[in-house]
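First the structure, in the form of structure tokens, and then the observations on it.
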Amino acid sequence: MYNYLYPTKENILDLLDSDIHYKNYNTFDYINNLNNKNEDLCILQKLPDYMSNTWSDIGINLDQRYDIEKSMLQIKDAFEYISKYDNDYMGFYTKSLVKSIHLLKTDNDYNDTSFSDPNLPYTIFINLPDIHLKNWLERTVENLIHETMHLQLSLLEKKYDFYLLTDKKIYSPWKDEPRNNKGILHAIYVFWHLKKFWEKVSSSEKNSFSKQRIEEIQEQLNLISIEKLSSFYSNDGLKLLNICCI
């Protein structure tokens, strides 16, 4: 079976090389169907003010006033943290798939928010916690991995079929509401990868954040009943779910 959980570098690069938008991708040009020639564009980008409300109807509010130099240092630290503990897989995935990052406002310094739009293949939206807050780096890392895994599964979905056609919905322990089969698979895929990453961190050093996240994610995964999902997914989708929910 194709390794959907941990695609090799060759697998990922094969998917990316077939995309004419990838090399010089940035959110603004992709949305506006423009051909960008700037290969050195900063990964942290601000969209024009007139685009800042594009996702406001779903509660996504862009931060247009952050200090780009300070924020880039935080982003750099987060990428380095990921590579330190999982360079071969998660380090490679984050560096390869995330081409544009847009920062978000949050209502509370202790609540994180992140988002990726299925129509934007290499763009993520995350908040950056204040560096004076405890675990700001781990929280940023979690946001970055979370949205990267959404991008990765969306990329795989373009080539492989994980779903059966159905209008039925499944209870999501993360949203505490019914969701369609695609939403459930994305959630399981993302949180399974987060748990595996924090397990690697925990095995290398004592870290209360990683220990807590491992326990929380496993409790949520335990609420998913594979037996009830056979009518929602293809054989490959079910194989993927079975591995993630063990």
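Laboratory data are not the source of any read-out in this text; all were calculated from the coordinates shown. The shown structure was predicted, so the numbers you read here are calculated from the model rather than taken from an experiment. Glycine also receives a Cβ, built like all others from the backbone with ideal geometry; neighbour counts cover every protein chain displayed.
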Going through segment 1-35, which chymotrypsin sites (Phe, Trp or Tyr not before Pro) have at most 13 other Cβ atoms within 10 Å and a DSSP loop state? TYR2
Residues with amide H under 5 Å of TYR4's amide H, sequence separation 5 or more or different chain, H placed in the peptide plane at 1.01 Å from N; which? none
Mean-square fluctuation check for the chain, GNM, Cα pairs under 10 Å: which of LEU137, LEU151, LEU15 is largest? LEU15
State the number of lysine pairs found in segment 1-127 whose Cα atoms come within less than 23 Å, restricting to pairs 8 or more positions apart or on distinct chains. 28
Charge dipole (debye, nearest 20) of segment 124-186; +1 at Cβ of Lys and Arg, -1 at Cβ of Asp and Glu: 180
Selection from SER52, TYR4, ASN35, by position along the positive dipole direction of segment 1-134 (Cβ): ASN35
As an exercise, identify the trypsin sites (Lys or Arg not before Pro) in segment 180-243 lying in DSSP coil whose Cβ has no more than 12 other Cβ atoms within 10 Å. LYS206
In a Gaussian network model of the chain with springs linking alpha carbons closer than 10 Å, the residue among ILE101, ILE145, ILE68 that fluctuates most is ILE68
Expected output is a single nm value to one decimal: the length gained when fully extending between ASN87 and HIS21, i.e. 0.36 nm times separation in residues minus the C-alpha distance. What is it? 21.2 nm
For semi-axes √(5λ) of the Cα gyration tensor in Å, the listed values are [x] 43, 17, 15; [y] 27, 23, 19; [z] 34, 19, 16; which was obtained by calculation from the structure presented? [y]
Per residue of segment 54-62, in order, report the coupling 6.51 cos²θ - 1.76 cosθ + 1.60 (Karplus, θ = phi - 60°) as ³J(HN,Hα) in whole Hz, putting x for Gly and Pro. 4, 10, 5, 5, 10, x, 9, 10, 6
Amide proton proximity set for TYR233, modelled H, under 5 Å, gap of 5+: LEU164
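With +1 on each Lys and Arg Cβ and -1 on each Asp and Glu Cβ, how big is the dipole of segment 1-148 about its Cα centre, in debye rounded to the nearest 20?
Magnitude of the dipole: close to 180 debye.
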Between segment 54-74 and segment 79-97, the Cα center-to-center distance that results, in Å: 23
Note on the chain, DSSP bridge orientation, antiparallel percent to nearest 5 equals 60
For segment 27-42 and segment 157-236, write down the distance between their C-alpha centroids in whole Å. 33
Can you list the trypsin sites (Lys or Arg not before Pro) in segment 43-152 that are in a DSSP coil and have 15 or fewer other beta carbons within 10 angstrom? ARG65, LYS105, LYS134
Mean residue ellipticity (222 nm) of the chain, computed from DSSP H runs ≥ 4 via -39,500 (n - 2.57), nearest 500: -14000 deg cm²/dmol
